[in-house]
Amino acid sequence: MDDKPNPKTSSESSERLFSFGVIADIQYADLEDGYNFHGNRRRYYRHSLVHLQGAIDDWNTQSSTLSCVLQLGDIIDGYNAQHKASETSLELVMNTFQKLKVPVHHTWGNHEFYNFSRDYLTNSKLNTKFLEDQIAHHPETRPSENYYAYHFVPFPKFRFILLDGYDLSVLGVDQSSPKYQQCMKILKEHNPNMELNSPQGLSEPHYVQFNGGFSQEQLNWLNEVLTFSDTNQEKVVIVSHLPIYPESSDSVCLAWNYRDALAVIWSHECVVCFFAGHTHDGGYSEDPFGVHHVNLEGVIETAPDSQAFGTVHVYPDKMMLEGRGRVPDRIMNYKREKALHF
Ligand SMILES: [Zn+2]
């Protein structure tokens, strides 16, 4: 700090404000390598833990500027459930995360629900809602208990929002519950296939069982938080297991009602970046409203001689994704009117 210029010149756009880590689809299991559903992508079930360890070692060397890590969901593979290894595998991965020197925010994906019920997850270490920010005198910005979502402030004027893409889902909910019935109805209305995980013949191929959606209640809450952020001239980063922008994803992996989520986001100024996992192949697109949609490459389909994680460096006028291994570098400028003026 000794050579810090006076506040006027420190408003230079080249000054880094803070950084955060991103990693997706670790899908650890104590299994021999396998292949994805289509048989064209190798899955390194055991090695995913080594990849995670490598990412944590790297982040720990940057811990003076790193504020947190975002884990984008599917932390262990669904196969664990069949081998009655869900809890031991989760423990192994969480013990690895324990070595991280900064807080980690955990998102929930479909593989979480193949292994655990929503109630179990709520009471597990994968629930990081205790890291949330509560805005005094604005009860409308507090999420309800009906979904797993919250917001936090890693750096002044930057608000991160973690969304629950399986708020509407047939996964993880009791089959006798009204919510299950409601979600099964939505799914079947869009997907007449016997196998509900199959997108075959669908005009909207993302209506499959391994995806989910956002309830109106969650979207209303998101709208309230974004309204607060607009008013307070904050920049917002959104995190979700499921992507919502078709140009950044394949057509199957999107959230059921991704259009509803986009409509909320596009009605506000503040959102600059949307991070998702789930697709494994990765993807990127800037939408017409200047929101950068990043689908992170999945750890599980990353060869042992490569890597798949990133560190995002945040500046007053842009975010720079520093990718490792098969995650490419990206410069994500805020739209002109979105740049911060300190
Ligand atoms: Zn997934």
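Laid out as a table, the results:
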item	result
Subset of the stretch 106-137 (residues that are of a type outside the set (Asp, Glu), under 28 Å from Ser229 (Cα atoms) and either in contact with a helix residue (DSSP H, G or I) (Cβ under 6 Å, 6 or more places away or on another chain) or assigned to a loop (DSSP other than H, G, I, E, B) (or both))	Thr107, Trp108, Gly109, Leu126, Asn127, Thr128, Gln134, Ile135, Ala136, His137
The stretch 36-46 - residue that is within 20 Å of Gly325 (Cβ to Cβ) and away from the ligand (no atom under 14 Å from the Cβ) and, of those, surrounded by the fewest Cβ atoms within 10 Å (Cβ to Cβ)	Asn40
Test: residue in the stretch 290-312 that is touching a residue at least 40 places away in the same chain (Cβ under 8 Å), within 19 Å of Val225 (Cβ to Cβ) and among the hydrophobic types (A, V, I, L, M, F, W, C)	yes
Filter pass, Val312 being among the β-branched types (Val, Ile, Thr), in contact with a strand residue (DSSP E or B) (Cβ under 6 Å, 6 or more places away or on another chain) and within 16 Å of the ligand (Cβ to nearest atom)	no
Output for the stretch 151-203, where each listed residue is assigned to a loop (DSSP other than H, G, I, E, B), touching a strand residue (DSSP E or B) at 6+ places or on another chain (Cβ under 8 Å) and surrounded by fewer than 21 Cβ atoms within 10 Å (Cβ to Cβ)	Lys157
Enumeration of residues in the stretch 102-134 that are hydroxyl-bearing (Ser, Thr, Tyr), within 16 Å of the ligand (Cβ to nearest atom) and within 16 Å of His151 (Cβ to Cβ)	Thr107
Leading residue by the ranking (surrounded by the most Cβ atoms within 10 Å (Cβ to Cβ)) among those in the stretch 255-299 that are within 16 Å of the ligand (Cβ to nearest atom) and within 16 Å of Gln218 (Cα to Cα)	Ala255
Residue within the stretch 81-95 that is within 20 Å of Gly277 (Cβ to Cβ), surrounded by fewer than 18 Cβ atoms within 10 Å (Cβ to Cβ) and within 16 Å of the ligand (Cβ to nearest atom) present	yes
Positions within the stretch 208-227 being farther than 17 Å from Ala263 by Cα and either aromatic (Phe, Trp, Tyr) or touching a Gly at 6+ places or on another chain (Cβ under 9 Å) (or both), in sequence order	Phe210, Asn211, Gly212
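Where a number appears in this text, it was derived from the coordinates with a stated rule and is not lab data. Bear in mind the structure is a predicted one, so any value in this text is a computation, not a measurement. Cβ sites come from the backbone with ideal geometry, for glycine too, and all protein chains shown count toward neighbours.
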